[in-house]
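*Asks:* For reference, the structure I am asking about is given below.
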Amino acid sequence: MEDKRPGVIDISDPDHPVRIYFSELNNRILGNDEEFIYPINRRNVLIASETGFYHINYEKYRTASHRLRALLRSVTAFNKRTASCSAATCRW
């Protein structure tokens with residue numbers, strides 16, 4: 001647990017342990033030193049929240065792709081100063 005970011009340390013490869021956070025649960029778990037993460041086995045991890053428990057199939061979570069896809073519909077740019085002249089005679 002780090003800044004209300006729950007996660008586990010994956011030691012599948014003992015030479016290269018990896019810290020994996022469950023970003024979907026950020027700020028949804030207990031705080032004030034009441035964190036509770038209970039790994040039952042590779043497929044079952046329980047994480048306490050303020051309203052109950054979250055169950056994570058860690059083996060499935062680890063193999064899933066978590067790439068972010070975003071589609072921008074429009075882009076708007078603003079400039080505080082505008083120029084109403086040509087490049088040769090421009091006054092800002």
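*Asks:* Extension gain residue 72-residue 5, at 0.36 nm per residue separation less the Cα-Cα distance, in nm? Could the numbers behind the result be given before it?
*Replies:* Values: separation 67, 0.36 × 67 = 24.12 nm, distance 2.78 nm.
Extending this stretch completely gives an extra 21.3 nm.
*Asks:* Starting from 0.36 nm per residue, how many nanometres of slack lie between residue 20 and residue 38 once their C-alpha separation is accounted for? Don't skip to the answer; put the middle values down first.
*Replies:* Working: separation 18, 0.36 × 18 = 6.48 nm, distance 1.50 nm.
Contour length minus the Cα-Cα distance gives 5.0 nm.
We did not get these values from a lab; they are worked out from the coordinates using the rules stated. Remember, predicted model here, so these are calculated numbers, not experimental data.
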